[in-house]
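Beneath this line is the structure, given in structure tokens, with notes to follow.
The values are calculated or read from the model by the stated rules, or taken from the named source; none is laboratory data. Everything quoted here is computed from the prediction, not taken from an experiment. Neighbour counts run over all protein chains shown; Cβ positions are idealised from the backbone, glycine included. The area values use the complete protein model at the heavy-atom level, side chains included, leaving out ligands, DNA and RNA. Shrake-Rupley method; radii C 1.70, N 1.55, O 1.52, S 1.80 Å.
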Amino acid sequence: ETWTSQLNQPTSEFYRVTVDNQFPYRLYAGQQDNSTISVPSQPIRGLTPYENWFSVGGSESADVAVHPENPNIVWAGSYSGEISVVNRATGQIREVTAYPHYTEGTEQRALKYRWQWNFPIVISKFNPDVVYMGSNYVHRTTNQGQDWEMISPDLTRQLDQYHGIPGGPIQHDATGVEVYSSIFALEESPHQEGELWAGSDDGLVHISRDGGQSWNNITPSGMPEEGTVNKIELSSHAPGRALVAVYNYRYDDFRPYIFLTDDYGKNWKLLTDGKNGIPENHFVRAIAEDPDRKGLLYAGTEFGMYLSFDEGKHWQPFQLNLPHVPVTDIEVHEKDLVLSTQGRAFWIVDDLTPLHQLNDKITLGKHHFFQPRPVFRTDIGSARANLRAVVGEGFANDTPVSLRVIDQEGNIIRTYTSDADKRINKISLHKGVSTFEWDLRHQGPVLVDNLVTMVIRNPSPGPRAVPGVYTLELQIGDWSGRQTIEIKADPRWTDVSQADYEAQLERSLEIRDVLTDAHQRIANLRSIRSQIEMLADMATAVGYSDELMERAKSLSVQLTAVEDQLIQNKAEASQDNINYPRVFSNRMGRLYSVVAGDHNRPTGGVEERRADLEEVYQDIVQQYEEVMNKQVPGFNALLEKENVPRLIVPGKQKP
């Protein structure tokens, strides 16, 4: 539906994005003219959004690699092959550069190793003690960088004509940006430990299937001779399947190059010809294949995003609200599409599941309800279920729409409608692909409109739904669609059991229902008082006895006395609760906010407070019943005695 920016720093340029396995997951990259940075994928509570940002060693040019089992351990690079290892848990930072040297003022042909300024670093998923990096050779360490071994020959073209002092003729380069003939992309297979793929910035692709003991040149035949292999994507769908993104703009060649192999590089096919969707002058920097749908490809170009549903036969823009900026890297993680860009931050498309489900049977002319992905009950971000549907032909602005949420026992716990008078229960759709939300809550308490307290408002959120599978029923006119959605518990909260969640829900619903009951009584009291005052005013104005007015005033006072115990009517703003005594709605609303806002079994203090308030409420209910069952019928009896009609015509004299 839309891209979300995760870091709004227009000057930042990110070269490669790394994603870890935390919850929420974090994004890492080097940011030009700054440091490395790590930001969460979703907002985390805090004083400011920025307090959850941190640096992870390395420098502005860094490729970043995160330990797959311990995200506190991060490897990051810098100029001239520098690598630092950061342990955020202990605060330790150690430089483990394989061959400490600086490249400034040095001819490249005199260097022992040629490291680009954002050389690749890879931690093995099979054995996190094994770390690889690339200069013009592939290096490996098995002891946290204490020692490095060279496990490949020079995997570049070794073009000596470019190996003088970088830069010039006016000013030499001093950072390694123009170091040439180096390994620019390096990956380990997700299927086989020790299967390594390497791509150089001068037009070569190599593979080793034996941990670096032997290497084969598998460069695609149609690849530009000195093109830069910017990204190698090893598919999770099949061994030997890989895509490479190559650019060649240094030679005024702006054509897009994406190559695909299914046989370890023995054969390749070009997926971009400049005529099948990606324009001929939009050179490609990044490529990714969706791990949940084979052949669903995402391409990042110099001018934005493209996708293909048919393994690159056809491409279409996937720009939406994304600025037209260079996309430097792509990762698909937990059904999110994550980008790094040059100049406009990290970007994420949350929830790719609709793309996984699209097929020829789903058209814009017919209604369709997409299967939503599982969601987490958590306090991170908005904690909502994003639901999507295709709204087809025959839909108009006045077409009735509803969404019902049904729990495991078949109870309807939430209903959204297009004609709801409260925004919290309203659903709005439009033709095409519509996105709407369920906030993972039951229906909230039904409260009177002019409730003013410090902790509860109208409308008020309902209790949170417990982890489990729920049914969603979408109704568009006469059409209906049905899907299920799973709510998962926050994986960080291992001390909270399913029974705890259910106990919290049970108590929240009980308190919700007491609030609803109390406010229905408030509405009843107000309605009765309004009617008797109107009847008394009109009746006495046309000549009925003064006793009617006296009894009306007396009853009105009794009704108000009960209402004043249920709601503080003098308060006009939330802080007015400081000036006027808190009454039942304030106090039960406070308890409701504590219980419904939590994620655990209610405490003993909650239970004690609930019992005390229940006792108070029962006393108010007795007074209410006394007035409604005795005083109100007495007033009705007086109306009959006085022969007062229920509809009074002003000016008509008493017979």
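Some points to look at:
- Gained length - ASP263 relative to LYS422, 0.36 nm times residue gap less alpha-carbon distance: 51.4 nm
- The phi-based Karplus calculation (6.51 cos²θ - 1.76 cosθ + 1.60; θ = phi - 60°) puts the 3J(HN,Hα) values of segment 108-119 at 5, 5, 8, 7, 6, 10, 10, 9, 5, 6, 10, 4 Hz, whole numbers, x for Gly and Pro.
- Spin-label model, GLN213 to ILE44: label points 7 Å out along the Cα-to-beta-carbon direction sit 4.3 nm apart.
- Packing, taken as the mean count of other beta carbons within 10 Å per residue, orders the peptides 56-67, 354-365, 423-434 from highest to lowest as 56-67, 423-434, 354-365.
- For PHE54, nonlocal amide neighbours, meaning residues 5 or more places apart or on other chains whose placed amide H falls under 5 Å from its own, are SER38.
- Hits among aspartates and glutamates - C-alpha to C-alpha of LYS231 under 13 Å, sequence gap 8 or more where chains match: ASP63, GLU187, GLU188, ASP201, GLU289, ASP329, GLU331
- Overall, the chain carries a charge dipole of about 1540 debye about its Cα centre when +1 sits on the Cβ of Lys and Arg and -1 on the Cβ of Asp and Glu, all other atoms neutral.
- Charge tally around GLU615: other residues with Cβ under 14 Å, Lys/Arg +1 each, Asp/Glu -1 each, net -2.
- Length-normalised contact order of segment 176-247 in % [C-alpha pairs under 8 Å, at least 6 apart]: 27
- Computed from label points 7 Å out along Cα-Cβ, the spacing between MET538 and ASP619 is 3.9 nm.
- Loop-located GluC sites (Glu not before Pro) in segment 194-242 (DSSP state other than H, G, I, E, B) with a sparse environment of at most 11 neighbouring Cβ atoms within 10 Å: GLU225.
- Note, ³J(HN,Hα) from phi for segment 626-632, Karplus 6.51, -1.76, 1.60, rounded to Hz, x at Gly and Pro: 4, 5, 6, 8, 10, 6, 5
- Computed in the context of the full set of protein chains, the accessible area of the chain at 1.4 Å probe radius has 47% of its extent on carbon or sulfur.
- Subtracting the Cα-Cα distance of GLN342 and TYR162 from 0.36 nm times their residue separation leaves 62.2 nm of extension gain.
- Between ASN579 and THR471, the contour length at 0.36 nm per residue exceeds the alpha carbon distance by 34.2 nm.
- Under the criterion of Cα pairs below 8 Å and six or more residues apart, the relative contact order for the chain equals 8 percent.
- Amide H contacts of SER182: ASP201, ASP202, each under 5 Å away and 5 or more positions distant or on a separate chain (H built 1.01 Å from N in the peptide plane; Pro and chain starts excluded).
- Computed E for ASP379/VAL177 - FRET, C-beta separation, R0 35 angstrom, nearest 0.05: 0.25
- Taking θ as phi - 60° and the Karplus parameters 6.51, -1.76 and 1.60, the scalar couplings of segment 279-289 work out to x, 5, 10, 9, 5, 9, 10, 9, 9, 8, 10 Hz in sequence order, x denoting glycine and proline.
- Scaling against 2.2 N^0.38 Å puts the C-alpha radius of gyration of segment 59-166 at 1.10.
- Estimated from the Cβ-Cβ distance and a Förster radius of 45 angstrom, the FRET efficiency linking ASP449 and GLN32 is about 0.25.
- For the peptides 161-170, 589-598, 23-32, 394-403, the ranking by packing is 23-32, 589-598, 394-403, 161-170, with the highest mean count of neighbouring Cβ atoms within 10 Å listed first.
- The distance between label points at ASP478 and ASP564 comes to 5.8 nm (points 7 Å beyond Cα on the Cα→Cβ vector).
- Cα centroid separation - segment 553-617 against segment 269-342, whole Å: 56
- Segment 29-79 and segment 189-209: distance between their alpha carbon centers, rounded to Å: 26
- Mean residue ellipticity at 222 nm, helices only, the chain: -6000 deg cm²/dmol; runs of at least 4 DSSP H residues each add -39,500 (n - 2.57), and the sum is divided by the number of residues.
- Highest to lowest packing among 250-262, 100-112, scored as the average C-beta count within 10 Å: 250-262, 100-112
- Using the Cβ of GLN504 as centre and a radius below 14 Å, the other residues enclosed give a net charge of -2, where K and R count +1 and D and E count -1.
- Positive minus negative residues near LEU159 (Lys, Arg vs Asp, Glu; Cβ under 12 Å): -3
- Diffusion coefficient, µm² s⁻¹, Stokes-Einstein with Kirkwood Rh over alpha-carbon pairs of the chain at 37 °C and 0.692 mPa s: 111
- Residues whose placed amide H lies under 5 Å from that of TYR25, excluding near-sequence neighbours: SER41
- Measuring r between the beta carbons of GLU149 and LEU358 and using R0 = 45 Å, the FRET efficiency lands at 0.45.
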